[in-house]
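S.K.: Pasting a structure here, questions to come.
The values are calculated or read from the model by the stated rules, or taken from the named source; none is laboratory data. Keep in mind that this is a model prediction, so the values were computed, not measured. Ideal geometry is used to build each Cβ from the backbone, glycine not excepted, and the neighbour counts take in all protein chains shown.
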Amino acid sequence: MTASMTLDVIYQDEYLIAVNKPPGLLVHRSLIANDVSLFALQLLRDQIGRPVYPAHRLDRKTSGTLLFSLDKTSDSKMQQLFAVRQIQKTYLAILRGYSPEKGEIDYPLKKENGSMQDALTRFMTIATAEIALPAGKHQTSRYSLVKARPETGRMHQLRRHFAHILHPIIGDRPHGCNKQNKLWKQTFNMDTMLLHASSLCFKHPITGSDVVITAPLLPEFRRAMSILDLHLRDDYR
């Protein structure tokens with residue numbers, strides 16, 4: 001990534017703007033990555049020539065829909081919508097193994113200070129795949145493409161929840177499967193985490209209109225789906 005890169009704007013109005021964040025790009029400056037000089041906030045600000053305010057966060061490794069406000073009033077209202085869970089967030093992920101057809105993961109997660117937070121994720125399996133990739137005592141490897149909706153917004157929630165049900169996200173570190181991650185790196189030269197924030201749905205805090213923002217899958221996720229011969233129906237795109 002270079003300072004001259006252009007972010008893909010997937011939604012913009014007078015108050016809000018959204019981009020399709022590539023994996024590996026931080027949203028803003030962070031103490032845990034003080035060696036990084038490139039951030040989505042800085043890139044977008046320079047790209048459109050005006051201040052932007054992050055309405056929410058995405059993990060550095062996660063790609064997809066990243067929403068910003070264009071003024072402080074809109075930012076305050078968007079923050080409130082996220083706080084009261086009036087935003088529907090949908091993700092796509094590729095998991096190790098055959099996940100249940102659908103499920104609910106109601107599993108509290110520990111904060112950095114040691115306290116526990118309730119955390120709820122709903123998901124459904126869209127497709128499954130089995131390929132001739134030996135893993136341990138198995139001659140093949142199985143995978144699932146899932147659509148997930150986190151009802152809460154905890155740090156690394158989807159990554160930790162899918163690891164909890166023993167179907168970790170491919171490419172995830174440290175919550176994923178080291179054996180599978182190594183296989184994908186060695187076999188396919190891929191170490192991207194296969195988690196994509198595919199859409200945000202909400203009622204616009206200023207205009208009151210219904211907003212649906214969708215981020216197309218990025219190249220590495222599409223390549224993984226091609227490797228696994230997985231396909232999205234139109235209603236999941």
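Let's see how each residue does on (1) in contact with a Gly (Cβ under 7 Å, 6 or more places away or on another chain); (2) hydrophobic (A, V, I, L, M, F, W, C); (3) surrounded by 17 or more Cβ atoms within 10 Å (Cβ to Cβ); (4) more than 27 Å from Asp210 (Cβ to Cβ):
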position	(1), (2), (3), (4)
Val19	no, yes, yes, no
Phe39	no, yes, yes, yes
Gln42	no, no, no, yes
Arg50	no, no, no, no
His56	no, no, yes, no
Asp71	no, no, no, no
Thr90	no, no, yes, no
Pro100	no, no, no, yes
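S.K.: Here is a further query. Of everything in the stretch 1-27, what is in a loop (DSSP other than H, G, I, E, B), hydroxyl-bearing (Ser, Thr, Tyr) and at pLDDT 95 or above? Give them in sequence order.
M.R.: The answer is Tyr15, and nothing else.
S.K.: I need every pair where a residue in the stretch 94-114 that is among the hydroxyl-bearing types (Ser, Thr, Tyr) has its Cβ under 8 Å from the Cβ of a residue that is in a loop (DSSP other than H, G, I, E, B), sequence separation at least 6 or different chains.
M.R.: Pairs found: Ser99/Ile165; Ser99/His167; Tyr107/Ala119.
S.K.: List the strands (runs of 3 or more DSSP E) that sit entirely inside the stretch 127-237 and contain at least 1 residues that are among the basic types (Lys, Arg) and closer than 30 Å to Phe82 by Cβ.
M.R.: Correct list: 141-150, 195-203.
S.K.: Show the residue pairs meeting these rules: Cβ distance below 7 Å; 6+ apart or different chains; first residue within the stretch 190-219 and among the hydroxyl-bearing types (Ser, Thr, Tyr); second residue exposed (fewer than 15 other Cβ atoms within 10 Å of the Cβ) and modelled with pLDDT of 95 or more.
M.R.: Ser199/Val212
S.K.: Residues to consider are Ser144, Ser198; find the one that is of a type in the set (S, T, N, Q) and in contact with a His (Cβ under 7 Å, 6 or more places away or on another chain).
M.R.: Exactly one residue qualifies, and that residue is Ser144.
S.K.: Continuing with this model, one more query. State which residue pairs qualify: first residue over 23 Å from Gly153 (Cα atoms) and inside the stretch 122-134, second residue among the basic types (Lys, Arg) and surrounded by 13 or more Cβ atoms within 10 Å (Cβ to Cβ) in any location, beta carbons under 9 Å apart, and separation of 6 or more residues or different chains.
M.R.: Thr128/Arg142; Ala129/Arg142; Glu130/Arg142; Ile131/Arg142
S.K.: I would also like to ask the following. So, in the stretch 209-224, exactly how many residues are of a type in the set (Gly, Ala, Ser) and either at pLDDT below 95 or surrounded by 15 or more Cβ atoms within 10 Å (Cβ to Cβ) (or both)?
M.R.: Residues flagged as of a type in the set (Gly, Ala, Ser) and either at pLDDT below 95 or surrounded by 15 or more Cβ atoms within 10 Å (Cβ to Cβ) (or both) within the stretch 209-224 amount to 2.
S.K.: State which residue is surrounded by the most Cβ atoms within 10 Å (Cβ to Cβ) when the search covers only the stretch 183-208 and only residues that are of a type in the set (A, V, I, L, M) and over 22 Å from Thr140 (Cβ atoms).
M.R.: Leu195
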